[in-house]
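As C-alpha cells, the structure follows; a few thoughts come after it.
The values are calculated or read from the model by the stated rules, or taken from the named source; none is laboratory data. It should be emphasised that the depicted structure is a prediction, and the values quoted were computed from it without experimental measurement. A quick note on method: Cβ atoms are made from the backbone with ideal geometry, for glycine too, and the neighbour counts reach across all protein chains shown.
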Amino acid sequence: MSSASSLSVDKRDIVALEGVTKRFPGVVANDSVDLAIRPGEVHVLLGENGAGKSTLIGMLSGLQQPDEGRILVDGEPTAITSPRHALALGIGTVFQHMMLVPTLTVAENLLLGGPWWQRPKTEELEARVAEITRTLGITVKLHARVSELSLGEQQQVEILRAMVRNSRLLILDESTSMLTPKGIDELGALMRRLVEQGLAIVFITHKLKEAAAFGDRISVLKLGRKVGEIPPERFRALGEQVIISEIVELMFGKQKDDPEAAERPVRTIHAEAAPLLQVHDLGVAPTDDAPGLSSISFDIRPGELLGIAGIDGNGQKQLAEALAGQRATAYGSVRLQGATIDALSVGERRERGLRYLTDDRLGEGTVGTFPVSINFFLKQVGAAPFWRRGVEQRAEIDKRAAQLVREYDVRTPSLKTPVARLSGGNIQKVLLARELAEGAKVVIFNKPTYGLDLANTLASRQRIRDTAARGLAVLLISTDLEELLSMCDRIAVIANGLLVGTVENADDARTKIGRLMIGLAA
Amino acid sequence: AEVTSIAILTPEEGTDYGWNQQGIDAAKAAAKAAGVEIVMAQGLGYGDVRPTLRELAADGASLLIAHASGYNTAAPEIAKETKVPVAIVDTPTGLEKGLVADYTLSGHQGAYLAGRLAAKMSRSKSVGIVVSGEPPSWNSQSAAFAQGVKAENPDVKVTYAVIGPAAYSDAAGGKRVTESVIASGADIIFGQGNGSSFGMLQAVETTKAGDGGKVYFIDVIGDKTPIDKGFLLSSVVWNIEPVYAAMIADLKADTFGTKSYSIGLKDDSVKLLKTAAIPDDAWAEIQTLREDIISGKTKIEPVYDAAAVRALMTSVAQ
Amino acid sequence: MSIDTAPSAGATALDATAAVVTRRDIQHRLLMTLGPILAALIIAGSILLAVGVDPLAYYSFVLKRGLLSPLGIQQTLTRMAPLLFLAAGLIVAFRAGMWNLGGDGQFLLGAVTAAASAPALVQVMPAWLALICSFVIAMLVAMIWSLVPALLRAYQGVNEIITTLMMTFLGTSLANVLVKLVFRDPGTTVPQTRTLPVEDRLPRLFDTTITSGLLLGLVAIITVHLVMTRTAFGLKLRIVGANPRAAIHAGLGVPKLTVAVFAISAGLAGLAGAVDILGVQGNVRADWNPAYGLAVIPVVFLARMNGFAAIGFVFLLSVLSIGGESAARRLGVPNHFTLVLVSIVLIVLALAEYLDHRYNQSRRELKR
Amino acid sequence: MTGLFGEIFLSALLFGAVTAAIPLLLAGLGEQMSEKAGVLNIGIEGMMLAGAYLGFVGAFYSGSLWLGFLTSAGGGIAVALVMALLCVRIGLNQIVIGIALTLGLEGLTALLHHFQFSRSYPRLPAVDVTVIPLLSDIPVIGPALFRQHLSVYLAVALVFAMGYVYRRTQLGLNLQAAGDKPAALDVAGIDVVRTRTIAVLTTGALAGLGGAFLANVGAGLFIPFITNGAGFLGIVLAMLARGRPVWVLFGALLFGVCLSLTTAMQVAGINIPTDVIQMLPFLAVMIMLVLFGRRASLPAALGIPYERGAR
Ligand SMILES: Nc1ncnc2c1ncn2[C@@H]1O[C@H](COP(=O)(O)OP(=O)(O)OP(=O)(O)O)[C@@H](O)[C@H]1O
Ligand SMILES: Nc1ncnc2c1ncn2[C@@H]1O[C@H](COP(=O)(O)OP(=O)(O)OP(=O)(O)O)[C@@H](O)[C@H]1O
Ligand SMILES: [Mg+2]
Ligand SMILES: [Mg+2]
C-alpha cells in the first residue's frame, strides 16, 4: 500500500518527502516519512493527536528543519530554510493556530510581506482579492480589524492569503474545525475548484467523512510514522463507507464501520425534577471585539444534555463566560440548584459545582510554561490533598497527575513537560480531566472535541454522556451539528447573541435546526 | 601623637577645579609640608563610605579627612570604632578630643566681596546666582553674594535660580538655566555647581548680555583660569591647606578635636581671584573692603539654610 | 513578557543514586559560574591594559579587599543586607509578572520613614521595640506608596512599567522634600534626618562589623523563595504572572492578587531601605540615592528568580563593588571602572546562563 | 510686558524648554520604534551616553556639529548592535542586558572622559541658528521656536516622518506585526529577527543623536552621567504615547515646559523648594493616568524574544 515515490522521483510531484525525520526533546515527531504531493490532488493527512501532522507541515512551510531525510521540490532536493523561502517556492499554509496580526486590518494582513520601503499597494490588493473571491465565491471584509472577526472568518482570510500569494501548494491544517457544516461544504467545493485549476492541496482533518468526501489521496500517520496510503486510483474505486472503514483500520485497528455514527442512547429525564441550572433573561453588553447577548433564557435538568448550535462567533463564548462568571452581565439572572449565583466570582461558582471547559486551551485554559502535572490542578490551587495548610504536596500532585494521564491517555514525555509542548489534542485532554473532577453539578463544554482525533473525540463524547448520566446538567456548545445530534436531548440555536429557538432532538431535528440557523422559523 | 600618613576621601574625582580638587590638592600640599604620606580615595560618590573609611584606618592612616558633608555621620562612627582620628565638614558641634575635628568651610566673606565686585561691574544693574543644589556651604555664599550686591548698590537686581535637585551632573540644565537668567537681564553670573558649572560657563561664553556685550562668570572654591576663554571675572577661591596643616599640627600636639577649623579672608585661605577683566580701581576698592572685614568693621553672618536663602533672595529681588 | 518557570537544574535529589549526579551538578554549577566570571575578567582586563593598569594587580586587590581579608568580607556581607531585601521584593513581583521598576522610590521612602521614626521612638520605648516599629512603619509607607500603580494596574489595566518608573521619580523627590522640610534634624546645617545612635541600631553579628540585617535579608529572601515555589499562594502569583487570562479562568482574584504582589514587593523594598538605615547609615541625607534597585534587577533575572541563586549573585555584586573601589584607589583607576566591570560580568553571565539552560534542557529531556 | 517677565526672558524660557525637550523627543521616538517591534529597550540611557560622548568627541575634534551627530549615531548604533545580538538574535533577557549596558556605558564614558578631558574640560563654540523668515518675527514665540539650530527642526520633522513610516509603509506594518504577533510576520515571509534588529539599531541611532544633542547643543560639552536619566524618561514617554510619534513630541515638550517653569518661578522669586516643583511634570502625568488611564495598548509580544517554531 505504501507509495512508490520513496524509491523513484516522480516528475509529477510538486513536493516529495523522503525519509524525513524530526525529533523534539523526548519525542520523535516524524519518523522517516515518505510523502508525495501532486498538482490536481487533495492529499488528506490523517492521524491521531500528536501523530506529527503539524510538524510535517512545519517542515514544508520552513518553520522547522528535518533532522534526517530530504524534501524534493519539483524533483530537486531543496532545504526549505524559512517561511519566506517556502512562499517563494509556492507553498502557502493555513496553520492550525491563527497566524494573523489581530491589531491590523484584513487588508494589512494580506499585504504583510512586501518590500519594506514600499507603500502598501492597497488598490492592487483590492483588485486581486475581488478577482479571487469572485472565482472562489467567498466574501471578506478587507477593512475590518482581524480581532473583530470570528475564527471562521479569520480562517477564510488565511486561505485567501495563500491564494493571493499565488501558491501552487496549499496546506490546510485542521481548517474545518472552526466551520459550520455549510462552511465545511463550501470549503470542500472550494478545494475542488482549486485542484481543478491545477493546485496541489494538503488537507489535514480529524473528520473521516470530510476525508472521504473531499480527498483524492489519503495518508495516515501514527506515532510519527506513515502507516498507510490510499492512492487516487483506489480512492475513486471505493465507496465512502469502505474508505472510512479502511482508514479506521489503519488508524485504530479493526473496528466497526462508522464509529462516529454512534446511536444516541435513549435516556429518560424526569420532567418533574427541579432544574439544576436556570438562566433567566440574561443579557451581556457587546464589546469592541465581541457581540453581546440579549434575553437568553433556558433551564437544564439533572441528567439533561442541552446543546447550543450556531455559527461560530454568535455569542457562544460570551454565554459560556457569562455563566462561568468570567464576563460581566448587563441584566438577568442565573440560578444553580435554585440559588442565584449572580454575585458570585468564578472561583465561588466553581466551588458550587459549576464547571466550564474553555475552547481556548492555550490562551486561558492552561499555563503553557508550567508542567503538565500542575496544569491539572490550576483550578484547585490550595485545595487538599494537593496542598496542606497552603503548602504544596508534590507527591500527592504527581500521584494524582500520573493517574489522570493514564486515565485520559494524555501523551506526554513526562509530568514535568511544559504543557504547551504537547499537541493540541493532548492539551485538550488535560482540560477535560480537570473539569470532570469530583464535585461537578453543571458542566459547560465549549467545543470539547475541537482538535481531537477520532478516538479521543469518541472517548470524550462518551465521557460527556456519562457525565449527564451521573445526574449532572450539561450545556454543550459546539459548531459540529453531528456532535450535537449524537448527544443532546434538546438543542438550542444561537444567532447574533439571541437564542432563536430550541428543538427536541427527534428525527426532524436536523432540518429544524438548519432552518433556525439560516433565519427561518423551525 | 605620631603622624605617619593622612587619607582624604572625596565624593568625586579631584579634577573638577572645585571642591574635590581643592581638597585633594590641599591635602597633598599639607602632607608634603609635614613630611607625611598621603592616601587619596576619590570618586566615592555620596553613598556609604564606611567600607573605605575602615579599610583606610586598617591600613594605618593617622588621620582620615572625610571631605564631604555627606560623610559626617559615618566618619565619627568609624573614628570611635577604630580609634583613628577623623576630620569632618559642616559639623561644628561634633568635636571630640583626639577623635573628631570639624572644619566648616564657608567662603561667605569672599562671596560678599564678589557681590560687591559684581554690583560695581554690572552694566545692566542685574546679576544672577545659579546653583545646582542647595548644600549649606553654597547657601552661605549665595546669601553673602546677594548681601554684597545690595550693600554696594541696592538698585542692582539679584536673580536666583536652582537647576534642580541632585543635578550635579546636569550640564545641559546648567546652561539652560543660566541662559534664562541672562535673558532676564543679568550680565554677571555667580555660579556654583560641580559638573553643571561647566554648563554655566558654556552659557556665559556663548550668550550675549542684553546690551550685546560679554557676560562674566564668577566661580567658587576652585580656580578655573587654566580653562578660561576670557569670561572668568573672578572666583571665591578656597585654600584648605592651612586647615589640613593645622590638623596635622594639632594631632602631633595631641590637641586634635578641641577646635573647629575654618577659612577666611584673613590668612588668604579665602580670597577673590584677580583676573585681567577686573579694573584696577575696582580691585583696589575691593581690597579696602577686605580689610574692613578682616578688621571686623564689616560683619557678614553666614546663612546656611536653603529656605532662608530663598527668602533672602525674594526680598532682594524686589 | 513571559517568565520561564520551567524547572531549573537545581532541583534537590534525595535518593542515593542521584547523589553522584548532584555532585556533578554542583561541579557543573561552579564551572558555569566561575567560567563566565573568568571570561568577564579577561574582557575587563583588556580595558585595564589599554589604560595602562596591570589587570592581575587589580583583580588581586578586588579579591583581597572584597573577599579574602577579614575586613573586606565583613564589608561585603554588610552591603548585602539591603540588596537581599530588594531582590526578595523583585522576585515576588517578577514571578507574578509585574514589572515593578519603582524599587528605588519605595526603598528611599522606606529609608526616610525609618530614619524619621527610629530616633524618635527610641526616646519612648526600648530600642528593640523601636526598631521593630520602625521596620513596620517603613514597610507600610512603601506599601501605601505602591498602591497607586497597583490599583491602576489591577482595576484599570494601566501598564505598571510606566507608573512605577514615574512613581520612582516622584518618590525620590518626595524623599528629599521630607528630609529637607519635614524630618530635618534642626541640630545640623546639613539637611539630614536625626541620627539613630550607633548603640541603638541593629546589633552587629558576634565580634564583627557585619550587621544582623544580613540575617534578616537572608530570612526574607529564603522565605520568599519557599513561598513562591512551595505554597499555593506562590503558585497563584506565578499563574497570574505566566498567564493572567488563565488566572481569571481558574477563578483567581487577579486584581486582589495584583495589589498583594505590589504590596509585598514594595514592602520588601521599604524594608530594604529600613535595614540600611537602621543597620548601617543611621540617618538619611538630602539627595541620598544609592540606586541599588537598578543593579539588583539584572541580578534577579540572572538568578531566574530563584532566591538561592539570587543570594549568590548579590554576594558577587557586593564583592565587586567593595573590592572594586579599593582596587581602583590603589591603582589610580577612577572608581567608575567598577561599573564597567559589573556590566561586563552581568552580560557574560547572562550569556553563559542562557547557553547552560539550553544545554541542560535538551540533556535532561533526552534522558527521559 | 516689561521687567522680570520681559519678552526676551519669556522667549528664553521657551527656547530652553525646546532645547530640553529635543533629547527626550529623540530618545522617546527611538524607544517607541523598539517597543513597536516588541523589544523593551532599557539600555537606551547607555545608548544616549555613548552618543553624547562620541558626538562630543566627533564635534570637538572635527569642529563640525554635523560630524558630531554622525559619530553619535554610530556610537548609539554600536551599543544597539550589542543589544540586538544578545536580545533579538539569541533572545537573552532584555532587561538584564539593557541595565547592564546602561551601567557599563555610564562607567566607560566617565572613564574615557577622565583620561581625555578631565583637565581641559573642552567646550564647543556657540551653535549657529537657522532663522525662519517671517515666523521668527512673532513676538516671544518667534525667537524661541524659529531661531533654533537646524537639528531642532529636523528632529521635529522626524516626528512626522516616523508617523508616515508607521502608517503608510510596509515597514510600518512589519514593525507592528513584529510587536503584536511575530509568528504571523514570520509566516508572511518577513524575518522577525531582522525586523526587530532594524528597529533596535534605529533606536540606537536616535538615542545616540539625542545624547549628542544634549551634549553638543544642550550643554556644549560632555561630562560624566550627563544624561541624568533622560533615557528612562524616554521610555516613559514612549509608553505613554501608545505608538504615536506626535504624542512623544507633546510629552517631551510638557517636560521641557515644566523645567522652564521651575526657572520662571524662581526668577519671579516664588519661594517653593525646587524638589517640590520638580515633581510637577510627574504628578501631572500620574494624575492623567489616574483620570484617563485605560488598558495599556502595549504590543502583545513586548519583551518576549522570538524563536521560530517554538512551543
Ligand atoms: N516545538 C516543539 N517542541 C517540542 N515538542 C514538539 C514541538 N512541536 C511538536 N512537538 C511534539 O511533536 C509531536 C507531534 O506534534 P504535532 O503538533 O505535529 O501533532 P499533530 O499530529 O499535529 O497533532 P494534533 O492533531 O493534536 O494537532 C507531539 O508530541 C508534540 O508534543
Ligand atoms: N514533578 C512535579 N510535580 C509537581 N509539580 C512540579 C513538579 N516539578 C515542578 N513542579 C512545579 O513547578 C514549579 C517549578 O519547579 P522548580 O523545580 O523550577 O522549582 P524552583 O522554584 O526552581 O525551586 P527549587 O529550585 O528549589 O526546586 C514548582 O514550584 C512546582 O510547583
Ligand atoms: Mg496539529
Ligand atoms: Mg529550580
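Tell me whether the stretch D:136-148 contains one or more residues that are surrounded by fewer than 20 Cβ atoms within 10 Å (Cβ to Cβ), basic (Lys, Arg) and in a helix (DSSP H, G or I).
no
What helices (runs of 4 or more DSSP H), lying completely within the stretch C:247-341, carry at least 3 residues that are modelled with pLDDT under 90 and within 14 Å of chain D (Cβ to nearest Cβ)?
On the way: elements: C:254-276, C:292-302, C:307-331.
Once the helices (runs of 4 or more DSSP H) in the stretch C:247-341 are filtered for at least 3 residues that are modelled with pLDDT under 90 and within 14 Å of chain D (Cβ to nearest Cβ), what remains is C:292-302, C:307-331.
If you go through the stretch A:119-157 and keep only what is part of a loop (DSSP other than H, G, I, E, B), of a type outside the set (Val, Ile, Thr), touching a residue at least 24 places away in the same chain (Cβ under 8 Å) and farther than 19 Å from A:Asn496 by Cα, you end up with A:Gly137, A:Leu142, A:His143.
Can you confirm whether the stretch A:210-230 contains a residue that is away from ligand 1 (no atom under 16 Å from the Cβ), of a type outside the set (A, V, I, L, M, F, W, C) and either in contact with a Lys or Arg (Cβ under 6 Å, 6 or more places away or on another chain) or under 25 Å from A:Ala309 (Cβ atoms) (or both)? No - not one qualifying residue is present in the stretch A:210-230.
A quick yes/no check of all residues on (1) touching a His at 6+ places or on another chain (Cβ under 7 Å); (2) assigned by the TED database to the domain that holds A:Ser478; (3) hydroxyl-bearing (Ser, Thr, Tyr); (4) touching a residue at least 24 places away in the same chain (Cβ under 8 Å):
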{"position": "A:Leu344", "(1), (2), (3), (4)": "no, yes, no, no"}
{"position": "A:Arg350", "(1), (2), (3), (4)": "no, yes, no, yes"}
{"position": "A:Arg355", "(1), (2), (3), (4)": "no, yes, no, yes"}
{"position": "A:Ser373", "(1), (2), (3), (4)": "no, yes, yes, yes"}
{"position": "A:Phe376", "(1), (2), (3), (4)": "no, yes, no, yes"}
{"position": "A:Arg388", "(1), (2), (3), (4)": "no, yes, no, no"}
{"position": "A:Glu392", "(1), (2), (3), (4)": "no, yes, no, no"}
{"position": "A:Val410", "(1), (2), (3), (4)": "no, yes, no, yes"}
{"position": "A:Thr417", "(1), (2), (3), (4)": "no, yes, yes, yes"}
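Taking each residue of the stretch B:180-200 that is within 11 Å of chain D (Cβ to nearest Cβ) and looking for partners that are in a helix (DSSP H, G or I) and charged (D, E, K, R) with beta-carbon atoms closer than 9 Å, six or more apart or interchain, yields B:Ser196/B:Lys175; B:Phe198/B:Lys175; B:Gly199/B:Lys175; B:Gly199/B:Arg176; B:Met200/B:Lys175.
If we scan the stretch A:167-176, do we find a residue that is under 22 Å from the mean Cα position of the chain (by Cα), crowded, with 20+ Cβ neighbours inside 10 Å, assigned to a loop (DSSP other than H, G, I, E, B) and among the charged types (D, E, K, R)?
yes
Only residues that are over 27 Å from A:Leu221 (Cβ atoms), surrounded by fewer than 22 Cβ atoms within 10 Å (Cβ to Cβ) and of a type in the set (Gly, Ala, Ser) were counted across the stretch A:450-491, and they come to 2. Listed by position, the helices (runs of 4 or more DSSP H) contained in the stretch A:43-114 that have at least 3 residues being free of Cβ contacts under 8 Å to residues at least 24 places away in the same chain and either at the interface with chain D (Cβ under 10 Å from one of its Cβ atoms) or within 16 Å of ligand 4 (Cβ to nearest atom) (or both) are A:83-88. Kindly indicate the residue of the stretch A:348-380 that is within 16 Å of ligand 4 (Cβ to nearest atom) and assigned to a loop (DSSP other than H, G, I, E, B) and also surrounded by the fewest Cβ atoms within 10 Å (Cβ to Cβ) among those meeting that condition. So, considering only residues that are within 16 Å of ligand 4 (Cβ to nearest atom) and assigned to a loop (DSSP other than H, G, I, E, B), the one surrounded by the fewest Cβ atoms within 10 Å (Cβ to Cβ) is A:Thr369. Taking the stretch B:257-281 as the range and being assigned to a loop (DSSP other than H, G, I, E, B), hydroxyl-bearing (Ser, Thr, Tyr) and within 19 Å of B:Ala27 (Cβ to Cβ) as the test, the residues that pass are B:Ser262, B:Ser269.
Counting the residues of the stretch A:413-426 that are more than 8 Å from ligand 1 (Cβ to nearest atom), within 19 Å of A:Tyr450 (Cα to Cα) and surrounded by fewer than 24 Cβ atoms within 10 Å (Cβ to Cβ) gives 1.
Kindly indicate which of D:Pro224, D:Pro245, D:Pro281, D:Pro299 is buried (at least 23 other Cβ atoms within 10 Å of the Cβ) and either within 14 Å of chain B (Cβ to nearest Cβ) or without any contact (Cβ under 8 Å) to a residue 60 or more places away in the chain (or both). Steps first, answer last, please.
Details: D:Pro245 fails: either within 14 Å of chain B (Cβ to nearest Cβ) or without any contact (Cβ under 8 Å) to a residue 60 or more places away in the chain (or both); D:Pro281 fails: buried (at least 23 other Cβ atoms within 10 Å of the Cβ); D:Pro299 fails: either within 14 Å of chain B (Cβ to nearest Cβ) or without any contact (Cβ under 8 Å) to a residue 60 or more places away in the chain (or both).
None of the other options fit; the residue is D:Pro224.
Within the stretch C:144-157, is even one residue within 29 Å of D:Met239 (Cβ to Cβ), of a type in the set (S, T, N, Q) and in contact (Cβ under 8 Å) with a residue 60 or more places away in the chain? The answer is yes, given that some residue of the stretch C:144-157 is within 29 Å of D:Met239 (Cβ to Cβ), of a type in the set (S, T, N, Q) and in contact (Cβ under 8 Å) with a residue 60 or more places away in the chain. All of (1) modelled with pLDDT under 90; (2) more than 16 Å from ligand 2 (Cβ to nearest atom); (3) farther than 27 Å from A:Ser297 by Cβ hold for A:Leu431 with one exception: (1).
How about the stretch C:342-358: which of its residues are at the interface with another protein chain (Cβ under 7 Å from one of its Cβ atoms) and either of a type in the set (Asp, Glu) or in contact (Cβ under 8 Å) with a residue 12 or more places away in the chain (or both)? Steps first, please.
The initial filter retains those residues of the stretch C:342-358 that are at the interface with another protein chain (Cβ under 7 Å from one of its Cβ atoms), namely C:342-344, C:346-347, C:350-351, C:354.
Hits for the stretch C:342-358 are C:Val342, C:Ile344, C:Leu346, C:Ile347, C:Ala350, C:Leu351.
The helices (runs of 4 or more DSSP H) located wholly in the stretch C:1-105 that include 2 or more residues which are more than 16 Å from ligand 3 (Cβ to nearest atom) and at pLDDT below 75 occupy C:16-50.
Per the listing D:Leu70, D:Leu29, the residue uniquely within 18 Å of the chain's Cα centre (by Cα), free of Cβ contacts under 8 Å to residues at least 60 places away in the same chain and away from every other protein chain (no Cβ under 13 Å) is D:Leu70. Which one of the conditions (1) surrounded by fewer than 24 Cβ atoms within 10 Å (Cβ to Cβ); (2) within 25 Å of A:Leu63 (Cβ to Cβ); (3) among the basic types (Lys, Arg) does D:Arg196 fail to meet, given that it meets all the rest? Tallying (1) surrounded by fewer than 24 Cβ atoms within 10 Å (Cβ to Cβ); (2) within 25 Å of A:Leu63 (Cβ to Cβ); (3) among the basic types (Lys, Arg), D:Arg196 fails exactly one: (1). The one condition from (1) under 23 Å from B:Ser137 (Cβ atoms); (2) crowded, with 22+ Cβ neighbours inside 10 Å that B:Ala29 does not meet is (2).
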